[in-house]
Amino acid sequence: MDREELRRQLAFYKDLGIRTLYLPERAGQVEVARVEEAATPPPGPDSGWEDAALKAEVSVKPVDSKMFSALFQPDAGADSLDRIQQDMGDCRRCRLCEGRNKIVFGSGNVGAKLVFVGEGPGADEDEQGLPFVGRAGQLLTQMIDNTALKEGLAVRRGDVYICNVVKCRPPGNRTPEPDEMEICGQFLLRQLMVMQPRAICALGSTAAKALLGAREGITKMRGKWHQWREIPVMPTYHPSYLLRPYNQNAKREAWEDLKKVLHYVYDEPPRPLSDF
């Protein structure tokens, strides 16, 4: 990473209100020293580091990589969904802003025990500013409501929280690019850290990749519990995939996945994860 790219990254973290960057210990002291050096302006009037606040307020600390999977760790105790949305503002941090109509932050019960994470907004979501309101969203609502009803659980879509990895619609509903996922993923990370749900349901391979760094396809990951910062994660198929008429087996598998998630989160008394 060259100096200008590093400066851009630091400015981005500053926009988010981050004042401390954490690097895994495996990066080594050499890497930490490089960042500290880059964060300190070289002498001379043409250094290109005119932003004194950026230079003064960002520090770098090495931490245990097992404790932190991301580059930075906001103070979750001082964070909130309202603050995250305020920090996002009229976000122009990546190219997805160029074609969007509305930012789709998330919706549902802000105190939910269960969070669904999808890929990104589609045309209907971009128009309304709400996640999963198109055909795929209607199917997701039916999946949640009908599965809970059949399983005797008093849960409906309004009881959960739903958001996406990226908050702006990718052109033509294409898969988000890695840099777009990285930038928007910082807001997702903060949302999940604030909410601390009992479980997360990752809808599709993009969500699984963003949360778990997965390289496997969703067909191999689904139906099995994984973890994101000690929170259980169940990957399953994205509802848009289930809308295709030739995916009848996938519908049955997604139903089984959702049953596991709903029972783990909402059974009373709670049962251990190993039961599912």
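Evaluate the distance, in nm, between pseudo-label points positioned 7 Å from the Cα of Asn109 and of Asn247 along their respective Cα→Cβ axes.
Result: 2.7 nm between the two label points.
For segment 130-164 and segment 217-276, write down the distance between their C-alpha centroids in whole Å.
So the separation of the two Cα centres works out to 13 Å.
Starting with the fewest neighbours, write out Val160, Val117 ranked by other beta-carbon atoms found within 10 Å of each beta-carbon.
Val160, Val117
For a footprinting-style exposure proxy, rank Lys150, Lys259, Lys167 by other Cβ within 10 Å, fewest first.
Lys150, Lys259, Lys167
What distance in nm lies between label points placed 7 Å from Cα along the C-beta direction at Glu127 and Ser274?
About 5.1 nm, to one decimal.
Count charges around Gly106 for me, please; just the other residues with Cβ under 15 Å from its Cβ, Lys/Arg as +1, Asp/Glu as -1.
-1
Listing His238, His226 from the residue with the fewest other Cβ atoms within 10 Å to the one with the most, what is the order?
Arranged by neighbour count, lowest to highest, His238, His226 become His226, His238.
Between beta-carbons, use under 13 Å as the cut-off and find the net charge around Asn247, counting Lys and Arg +1, Asp and Glu -1.
Combined, the nearby Lys, Arg, Asp and Glu give +3.
The numbers here are math on the coordinates, done by the rules we state, and not lab data. These numbers were taken from a predicted model, which means no experiment stands behind them. Note: ideal-geometry Cβ built from the backbone for every residue, glycine included; neighbour counts use all protein chains shown.
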